[in-house]
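The values are calculated or read from the model by the stated rules, or taken from the named source; none is laboratory data. Just so you know, these numbers come straight off a predicted model, no measurement behind them. We place every Cβ from the backbone using ideal geometry, glycine too, and count neighbours over all the protein chains shown. For the accessible areas, the whole protein counts, side chains as well, though only heavy atoms, and no ligand, DNA or RNA atoms are used. Shrake-Rupley method; radii C 1.70, N 1.55, O 1.52, S 1.80 Å.
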Amino acid sequence: MTISVLHLSLLAVLAAAMLSSGMTWAIRPWLLRHALAEPNARSSHRIPTPQGAGIAVIGATLVVVGAIVACVSTIDPNIPVAVFGASFFIAAVGFADDVKSIPVLPRLILQAVAVGAILLTASSDLRIVPACPIWIERGLIFLAGLWFVNLVNFMDGLDWMTVAEVVPITGAMVLLGLLGELSLSATIVAAALGGAMIGFAPFNRPVAKIFLGDVGSLPIGLLLGWCLLELVYRQHLAAAFLLPLYYLADATVTLLRRLVQRESVWTAHRSHFYQRATDGFTVFRIVSEVFALNVGLAALAIASTMTRSSAANILFLAFGSIAVAFVLNRFSRQR
C-alpha cells in the first residue's frame, strides 16, 4: 500500500507540474490581453502583469487527480467529486473577479456556496468532537473554511509567496499520506496541487511574468482547507494548525489590527507583515524566509502525528508559534 501511494504521489506531482507549466505558458498571451493587473499604490508590482495563471494550476490539479481517481479503484470517488465541483465553481468566481471586480457581498455568498457544498456532502460519520452537536461543529468548520479561503487570497500578494506556502504544506501532506496519517484522496490532491504550483513557480519568480489571480488563490485555499480538514478528522489537530500557521497568523493578526483601527477590511491594502517587509527586504529574501519557516512548521506537524502525547503536541505548537512570531516581528521591523 505504501509503495502504491508513493508511486501515485510521484505520478501526480510530475504530471501536474508538466501540465501546469505548459498551460501557463500557453494562456499567458491571452491573459495579457484580457486579465492585466495594473500596478497601484497598494500593489507590490510596478509594471502591468497578467493574472489568471490559476486557470493552469487548478486545471492541472483537477485533471491529474480526476485521471488518477478514474484509474485507481481504491480512491473513494465521492469526496473528490464534491471537491472538484466546489473548486471549479469557486475558480470561476475568482476568474470573474479577476476580469471585472465583483462586489464584496455577492463574492462572499458565492464563496460560501462552495465551502458549504463540500460540508453538505461530507459523511455525518466524519466528526471532530462527537459529543458536540453536528450542526454546531459543521457551522464552525464552515466559518473556518470561509475564512481560510479568503486568507489564502489575501496573502497572495507577492511573487512566489503562495509557492513558498503551498509547496511545503502539500509536501508534508504527501509524507503524512505515505505514513498512513492522511487519506489517499487527500494525499493525491495535495501531491497534484504541489506539483501544479512547482510547474507555475518559474513564471512567478521575482519579478513575476504572471500572477495566480483569484482564479487560483481561492480554489487553492479551498483545496488546502479540505486536506487540512481530513487531518483534523483523523484527530491531528496540532498538525492541521501548524502547517498553515504563518498564513493564519499574518492574515488574522492583520485583520484584527485593521478592525481595531476601524479600517475597511475588504479594501486592498499593504499592511500584511510580508508586505511591510518589502520596505526593507528584497522579495526573494522575504519568500525565502517564509519558505524556510514553512519547512520547519511542516517538520513539527509531521512530528506531532507521531505521538499521542498532548504535552508533546502543545510543545510542538509552542515552538511553531514562537518561530512564526519571530518572523512576523522581523518583517514588521525590517531587520
| Along the stretch 301-314, what does the Karplus equation 6.51 cos²θ - 1.76 cosθ + 1.60 (θ = phi - 60°) give for ³J(HN,Hα), rounded to whole Hz, x for Gly and Pro? | 4, 5, 4, 5, 7, 8, 9, 9, 7, 5, 4, 5, 5, 5
| field | Gain in span if fully extended, Phe326 to Leu105, counting 0.36 nm per residue against the direct Cα distance | value | 76.0 nm
| said: Just the number please: accessible area per residue for the stretch 245-288, 1.4 Å probe, all protein chains included, in Å². | reply: 50
| task | Would you mind classifying the stretch 164-258 by shape? Square roots of the alpha carbon gyration tensor eigenvalues, ordered a ≥ b ≥ c; an a/c under 1.5 is rounded, otherwise it is prolate if a/b is larger than b/c and oblate if not. | result | oblate
| message | I'm spelling it out carefully: the read-out is Cα extents along the principal axes in Å, the candidates are (i) 49, 43, 36; (ii) 60, 45, 38; (iii) 77, 55, 38, and one was derived from this structure. Which label? | response | (i)
| remark: Between the alpha carbon centres of the stretch 56-118 and the stretch 291-335 the gap in Å comes to 30
| In sequence order, calculated HN-Hα J values of the stretch 122-130 (Karplus, 6.51, -1.76, 1.60; Hz; x Gly/Pro) | 6, 5, 5, 6, 7, 10, 9, 10, x
| said: Please state the shape class of the stretch 118-185: rounded when a/c is under 1.5, otherwise prolate if a/b exceeds b/c and oblate if not, all from the C-alpha gyration tensor. | reply: oblate
| remark: Quick tally, 1.4 Å probe accessible area for Trp25, Trp226, sorted with the most first, runs Trp25, Trp226
| Where in the stretch 125-166 does the label zone of Val72 land, with the point 7 angstrom along Cα→C-beta and an amide N cut-off under 15 Å? | none
